[in-house]
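The values are calculated or read from the model by the stated rules, or taken from the named source; none is laboratory data. Keep in mind the model is a prediction, meaning the values are calculated, not measured. Here the Cβ is made from the backbone with ideal geometry for all residues, glycine too, and neighbour counts use every protein chain on show.
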Amino acid sequence: MRVLVYGSGQLAQMMYLAGCPLGIDVQAVDVNSDTIVHPVNKTLLESNLELAIESADALTVEFEHVPERLLEQAAKTSKLMPSIEAILVGADRVREKRLLDRLSVPNCLYQIVSDIEQLDECVAKLGDKLIIKASRDGYDGYGQWRMTDIAQLDELKKALSALDLNAVPLVVEKMLQFDRELSLIGVRGKKGEIKIYPLTENLHHQGQLHVSVAPALDISPALQSEAENIFTTLAEGMEYIGVLAVEMFQCGNTLLVNELAPRVHNSGHWTLSGSDTSQFENHLRAVAGLPLGDTVAKQPSAMVNIIGCCSFSRDLLSIPGCHLHWYGKSVRDKRKMGHINVTADSYISLGEKLEQLAQYLP
Ligand code: ADP
Ligand code: MG
């Protein structure tokens, strides 16, 4: 069994590692050179992409911004999971909003802007606190602008007028005062079976995920089940196969969907330590047509991203229940270099371990 993953970053690497014990060979497509590389050491495995596609049993993605010509080529084979439509929803905020509205999934109030002068209308409809998102190619807070005061409007218009908004419109959202950010990760198999992990709480800094805690604290059964209904509506609505991540904002007892990721997700890395079956294994099981694994959380877990640095003492591994996952990338500012998973018997103990961990990290 061979699975070809478009993208050769850490998510492909972790899918590869999950595939080893299952006897599933995961290979990565380097989308810059159209070649096949080893997902861990990145050595060249095959330079003919067509041949590799032919010999693969399943095709999948580790990121949504795969060039469309490659997705179209992959979609022709009927081996691509999730579907090209689902991947494009994740890559394009306008498509994403259309899908959420079509399936009546609650999301943030928004306007689509393809002419910069429409920003005035946005202010009239959404208020003067806005978050402006490029509809394509944004991630980790890149491709976003914030307006917190009407006095910034002219300057923003000036900055944004350099963009080709006909080609890439903006999605302008009302800036929400949410209680916290949650995500729900689940998996749907080829026969339509669904397994869902518990809600995860995510802490962001400058638009980038830093820490996840799972299961999120103080989640009522009603809220978990509301989140699961949203997941099921989306996964069934897209006839989705594989792991799907749904980012949400919690406002009181309400959940608003922020965005979808048609793939394994950073806020699901805790499943490597904290759940019976990791998101990576479940994604492979789904695209391989195998039974899905249990998604219960075995114990409270946290995931801490290591961002933009590689110099810290590996002695942090002396903290019980602490595991390092290093991606082997060259260091760059704001780049996710690795993550640490921590598990504990209780949330109090988890908090103590996180405090200990903080002493090792810059
Ligand atoms: P990406 O993760 O692709 O960069 P997001 O849409 O998830 O883009 O935005 C990044 C972060 O910005 C979110 O995790 C959240 O912290 C903040 N954010 C996004 N949309 C809103 C909004 N409408 N109101 C308030 N904060 C927001
Ligand atoms: Mg996001």
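So, in region 232-264, how many residues would count as being in a loop (DSSP other than H, G, I, E, B), hydrophobic (A, V, I, L, M, F, W, C) and buried (at least 23 other Cβ atoms within 10 Å of the Cβ)? Even if it seems obvious, please write down each step before you answer.
Filtering region 232-264 for residues in a loop (DSSP other than H, G, I, E, B) gives 238-241, 252-253, 262-264.
Still in the running and hydrophobic (A, V, I, L, M, F, W, C): 238, 241, 264.
From what is left, the residues that are buried (at least 23 other Cβ atoms within 10 Å of the Cβ) are 241, 264.
Going through region 232-264 one residue at a time, the tally reaches 2.
Can you name the strands (runs of 3 or more DSSP E) wholly within region 89-206 that have at least 2 residues being of a type outside the set (Asp, Glu), within 30 Å of GLY293 (Cα to Cα) and modelled with pLDDT of 95 or more?
Passing ranges, in order: 180-188, 194-196, 200-205.
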* Count, please, the residues in region 280-302 that happen to be small (Gly, Ala, Ser), part of a loop (DSSP other than H, G, I, E, B) and in contact with a Gly (Cβ under 8 Å, 6 or more places away or on another chain). => 1
* **Subset of region 239-264 [farther than 21 Å from GLU64 by Cα and either within 16 Å of ligand 2 (Cβ to nearest atom) or among the polar types (S, T, N, Q) (or both)]** => PHE249, GLN250, ASN253, THR254, LEU255, LEU256
* Asked: Taking region 139-164 on its own, how many of its residues are buried (at least 18 other Cβ atoms within 10 Å of the Cβ) and closer than 25 Å to PRO262 by Cβ?
  -> 1
* Do the conditions hold for SER267, that is, is it in a helix (DSSP H, G or I) and within 16 Å of ligand 2 (Cβ to nearest atom)? -> yes
* Asked: (1) free of Cβ contacts under 8 Å to residues at least 24 places away in the same chain; (2) touching an Asp or Glu at 6+ places or on another chain (Cβ under 8 Å); (3) more than 24 Å from ASN341 (Cα to Cα): which one isn't true of VAL257, the others all being true?
  -> (1)
* **Search result, residues across region 166-209 that are within 16 Å of ligand 1 (Cβ to nearest atom) and surrounded by fewer than 16 Cβ atoms within 10 Å (Cβ to Cβ)** => LEU176, GLN177, ASP179, ARG180, LEU203, HIS204, HIS205, GLN206, GLY207
* Name the pairs whose Cβ atoms lie under 8 Å apart, with the first residue in region 310-327 and touching a residue at least 60 places away in the same chain (Cβ under 8 Å) and assigned by TED's automatic domain parsing to the domain that holds HIS269, the second assigned to a loop (DSSP other than H, G, I, E, B) and of a type in the set (Gly, Ala, Ser), and 6 or more positions between them or separate chains? -> TYR327/GLY9
* Structure fact -> Within region 80-94, the count of residues that are closer than 22 Å to ALA52 by Cα and either buried (at least 22 other Cβ atoms within 10 Å of the Cβ) or touching a residue at least 40 places away in the same chain (Cβ under 8 Å) (or both) comes to 5
* In region 98-143, how many are more than 10 Å from ligand 1 (Cβ to nearest atom), touching a Cys at 6+ places or on another chain (Cβ under 9 Å) and farther than 14 Å from VAL168 by Cβ? -> 1
* Considering only region 273-332, how many residues are surrounded by fewer than 18 Cβ atoms within 10 Å (Cβ to Cβ) and among the hydroxyl-bearing types (Ser, Thr, Tyr)? -> 5
* Asked: Does region 56-65 hold any residues that are closer than 19 Å to TYR16 by Cα and crowded, with 17+ Cβ neighbours inside 10 Å, and which are they?
  -> ALA56, ALA58, LEU59, THR60, VAL61, GLU62, PHE63, GLU64
* To do: Within region 23-69, track down each residue that is within 21 Å of ILE241 (Cβ to Cβ) and either acidic (Asp, Glu) or in contact with an Asp or Glu (Cβ under 7 Å, 6 or more places away or on another chain) (or both).
  => ASP25, ALA52, GLU54, ASP57, GLU62, GLU64, HIS65, GLU68
* Structure fact -> Filtering region 317-362 down to residues that are farther than 24 Å from LYS298 by Cβ, outside any strand (DSSP E or B) and basic (Lys, Arg) yields LYS329, ARG332, LYS334, ARG335
* Asked: If the Cβ limit is 8 Å and pairs must be 6+ apart or interchain, which residue in region 128-140 that is more than 9 Å from ARG93 (Cα to Cα) and of a type in the set (Asp, Glu) pairs with which residue that is more than 10 Å from ligand 1 (Cβ to nearest atom) and assigned to a strand (DSSP E or B)?
  -> ASP128/MET147
* To do: Sort out which residues of region 278-296 are within 19 Å of the chain's Cα centre (by Cα) and within 11 Å of ILE196 (Cα to Cα), and write them in order of number.
  => GLN279, ASN282, THR295
* State which residue is surrounded by the most Cβ atoms within 10 Å (Cβ to Cβ) when the search covers only region 1-46 and only residues that are in a helix (DSSP H, G or I) and either touching a strand residue (DSSP E or B) at 6+ places or on another chain (Cβ under 6 Å) or assigned by TED's automatic domain parsing to the domain that holds PHE280 (or both). => ALA12
